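Reviewing the structure listed below.
The values are calculated or read from the model by the stated rules, or taken from the named source; none is laboratory data. Model, not experiment: these values are computed from the prediction. So basically every Cβ, Gly included, is an ideal-geometry build from the backbone, and we count neighbours across all protein chains shown.
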Amino acid sequence: MRKKLARITKWTLLTLALILVLFMFFPTWTPAIKGENSISLYKQVMINGADHQIMIRGEDKRNPVIIFVHGGPGCSEIPYVRKYQKEWEKHYTIVHYDQRGSGKSYKFNEDYSQLTTDVLVEDLLALTDYVRGELQQSKVLLIGHSFGTYIGTKAAAKAPDKFHAYVGIGQVADSVASEMDGLSYTLSQAAAAGNEKDVQRLEQLRESIENGESYTPRDLVRKYGGAARLIDDNKDYYVGFLTSPEYNGLDVIRYLLGVGATQELLLREEAEHHLPALVDQLELPTYFVMGQYDYMTSAKAAQQFFDELQAPVKEFVLFEHSAHYPQFEEKDAFLDWLNETFSELH
């Protein structure tokens with residue numbers, strides 16, 4: 001009996017070890033899309049002197065091109081974004097990329113301590129040129145999300161001729177003003193719920209948040225519906241990490257190490273150099289798309305930035321049921337808005 005149990009245990013351990021090895025190292029890909037002119041490209045490309053992971057998907061590569069700039073910093077959306085963009089792929093060719101030091105673009109032997117948003121802007125502009133050449137299109141539509149709007153806004157200001165328009169989802173603005181909005185919201189929600197411990201925790205952080213030294217705790221912003229209301233963004237990541245063919249176990253480690261290496265560094269730069277002080281004019285159509293309940297990057301702070309920003313065409317769009325992810329929380333309504341808006345650009 002003992003020998004039989006030992007054999008079972010041995011084979012169980014071997015099986016588990018094999019599963020772990022497969023999870024860590026299986027070859028990654030993105031699923032094919034049917035159609036003569038479709039594209040489902042997933043590969044590493046040398047961009048601005050560094051390898052970048054890119055994913056390009058669409059049912060017809062002659063369709064307008066969108067480049068999405070992910071936020072975080074360091075939080076690639078490649079592991080889960082296909083869940084939300086299938087309908088978009090019918091109308092657009094969509095480009096996602098892991099920024100330098102993020103996700104599959106993270107290199108184990110590289111020092112990221114000197115990374116700046118200016119470098120990420122140059123990466124984005126070089127990527128844009130690569131995509132324009134690869135897909136034979138003169139311009140693309142630039143969409144940034146969350147911290148990606150900090151990079152996207154600066155890129156749009158620097159090279160407006162490369163883009164049809166700029167769309168900022170969860171637009172970054174004055175980070176201190178945004179964080180104070182988040183603090184006020186979470187405090188009011190915690191007090192209404194009678195959660196005194198949360199109220200005390202938030203009050204203890206008030207001074208450091210006012211001084212731009214810290215952020216409203218993201219776990220509390222999320223707890224009280226200021227991050228996502230119609231989706232579970234954390235679950236999307238977990239499921240994506242475990243089941244997505246685009247990421248294996250080693251890539252998950254890269255992702256986590258990339259966040260650790262770059263996030264605090266880049267957020268500090270954002271806090272010290274508020275975006276409205278850097279960009280006061282964009283020479284292309286500009287759209288800020290916000291969720292009414294967004295307290296990761298507050299709609300109120302974004303509205304103030306929008307009001308001061310000069311652009312030939314500009315629109316502030318508020319999705320009334322969303323928080324920080326209106327493009328996913330209200331994905332059908334967002335696609336309708338995007339299609340209508342893009343048709344007006346031509």
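In this structure, is Val95 within 11 Å of the chain's Cα centre (by Cα) and under 20 Å from Gln171 (Cα atoms)? No; evaluated as a whole, the condition is false for this residue.
Hey, can you tell me all the residues within region 3-61 that are basic (Lys, Arg), at pLDDT 80 or above and exposed (fewer than 10 other Cβ atoms within 10 Å of the Cβ)? Within region 3-61, just Lys34 meets the criteria. Within region 223-232, if we keep just the residues that are within 16 Å of the chain's Cα centre (by Cα) and either closer than 12 Å to Pro79 by Cβ or not charged (D, E, K, R) (or both), the residue that is surrounded by the fewest Cβ atoms within 10 Å (Cβ to Cβ) turns out to be Ile231.
Per-residue answers, yes or no, for (1) touching a residue at least 12 places away in the same chain (Cβ under 8 Å); (2) farther than 27 Å from Asp98 by Cβ:
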position	(1), (2)
Leu267	yes, no
His273	no, no
Ala277	no, yes
Gln281	yes, yes
Pro285	yes, yes
Thr297	yes, no
Lys300	yes, yes
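For Leu345, the conditions (1) touching a strand residue (DSSP E or B) at 6+ places or on another chain (Cβ under 7 Å); (2) modelled with pLDDT of 95 or more; (3) within 15 Å of Tyr92 (Cα to Cα) are fulfilled apart from (2).
Tell me whether region 277-286 contains one or more residues that are at pLDDT below 95, small (Gly, Ala, Ser) and closer than 28 Å to Asn211 by Cα. No, because not a single residue in region 277-286 is at pLDDT below 95, small (Gly, Ala, Ser) and closer than 28 Å to Asn211 by Cα.
Right, Leu256: free of Cβ contacts under 8 Å to residues at least 12 places away in the same chain and under 21 Å from Asp219 (Cα atoms) or not? Yes.
Take the conditions (1) touching an Asp or Glu at 6+ places or on another chain (Cβ under 9 Å); (2) at pLDDT 95 or above; (3) not charged (D, E, K, R); Phe241 misses just one of them, which is (2). Considering Gly74, Gly144, Gly103, the condition of being crowded, with 24+ Cβ neighbours inside 10 Å and either of a type in the set (Val, Ile, Thr) or under 29 Å from Glu340 (Cβ atoms) (or both) is satisfied by Gly144 alone. A search for C-beta distances below 6 Å between a residue of region 81-95 that is under 15 Å from Asn339 (Cβ atoms) and any residue that is part of a loop (DSSP other than H, G, I, E, B), counting only pairs 6+ apart in sequence or on different chains, returns Glu89/Glu59; Lys90/Glu59; Tyr92/Asn63; Tyr92/Pro64; Thr93/Lys61; Thr93/Asn63.
Taking each residue of region 320-346 that is over 15 Å from Arg229 (Cα atoms) and looking for partners that are hydroxyl-bearing (Ser, Thr, Tyr) with beta-carbon atoms closer than 6 Å, six or more apart or interchain, yields nothing.
Of all the numbered requirements in (1) buried (at least 17 other Cβ atoms within 10 Å of the Cβ); (2) closer than 30 Å to Ala311 by Cβ; (3) of a type outside the set (Lys, Arg), Asp161 misses one, and that requirement is (1). Say whether the condition of being of a type in the set (Phe, Trp, Tyr) and either in a helix (DSSP H, G or I) or surrounded by 22 or more Cβ atoms within 10 Å (Cβ to Cβ) (or both) is met by at least one residue in region 210-222. No: region 210-222 contains no residue that is of a type in the set (Phe, Trp, Tyr) and either in a helix (DSSP H, G or I) or surrounded by 22 or more Cβ atoms within 10 Å (Cβ to Cβ) (or both).
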